[in-house]
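The values are calculated or read from the model by the stated rules, or taken from the named source; none is laboratory data. Predicted, not measured: the structure shown is a model, and the values here were computed from it. Because the Cβ atoms are built from the backbone with ideal geometry, glycine has one as well, and the counts that use them run over all protein chains shown. Side chains are part of the model used for accessible areas, which takes the heavy atoms of the whole protein and leaves out ligands, DNA and RNA. Shrake-Rupley method; radii C 1.70, N 1.55, O 1.52, S 1.80 Å.
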Amino acid sequence: MYPGMLRLVLPKGVTLESLRQDRILNEALETADPLKLMRLFGITERTAMRYIKAAHPERTAKLPR
């Protein structure tokens with residue numbers, strides 16, 4: 001399927017990029033495993049940790065400065 005054809009079936013305002021971001025965030029909510037996110041989506045460690053921090057803010061250490 002060509003990307004142009006896929007856009008025809010997506011709801012208006014939904015992009016492939018936003019679908020991918022939603023999928024990564026959903027997986028981060030389920031697993032909270034950065035290695036799994038990195039392997040599954042081909043993202044960097046830093047990006048994986050950003051998704052995990054967004055999905056689980058309660059697990060993020062709040063260190064004093």
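For segment 37-64, a residue qualifies if it is open to solvent by less than 100 Å² (accessible area, probe 1.4 Å), free of Cβ contacts under 8 Å to residues at least 12 places away in the same chain and out of contact with any Asp or Glu (no Cβ under 7 Å at 6 or more places or on another chain), and the qualifying residues are Gly42, Thr44, Thr47, Pro57, Thr60, Ala61.
Which residue out of Leu29, Leu35 is touching a helix residue (DSSP H, G or I) at 6+ places or on another chain (Cβ under 6 Å), part of a helix (DSSP H, G or I) and either modelled with pLDDT of 95 or more or charged (D, E, K, R) (or both)? Full working, then the answer.
Numbers: Leu35 fails: touching a helix residue (DSSP H, G or I) at 6+ places or on another chain (Cβ under 6 Å).
After ruling out the rest, the residue left standing is Leu29.
Against the numbered list (1) modelled with pLDDT of 95 or more; (2) among the hydrophobic types (A, V, I, L, M, F, W, C); (3) in a helix (DSSP H, G or I), Ile43 comes up short only at (3).
Output yes when any residue across segment 6-13 is open to solvent by less than 50 Å² (accessible area, probe 1.4 Å), hydrophobic (A, V, I, L, M, F, W, C) and part of a helix (DSSP H, G or I), and no when none is.
Of segment 6-13, the ones open to solvent by less than 50 Å² (accessible area, probe 1.4 Å) are 10.
Keeping just the survivors that are hydrophobic (A, V, I, L, M, F, W, C) gives 10.
Still in the running and part of a helix (DSSP H, G or I): none.
Looking for residues that are open to solvent by less than 50 Å² (accessible area, probe 1.4 Å), hydrophobic (A, V, I, L, M, F, W, C) and part of a helix (DSSP H, G or I), one finds none in segment 6-13, hence no.
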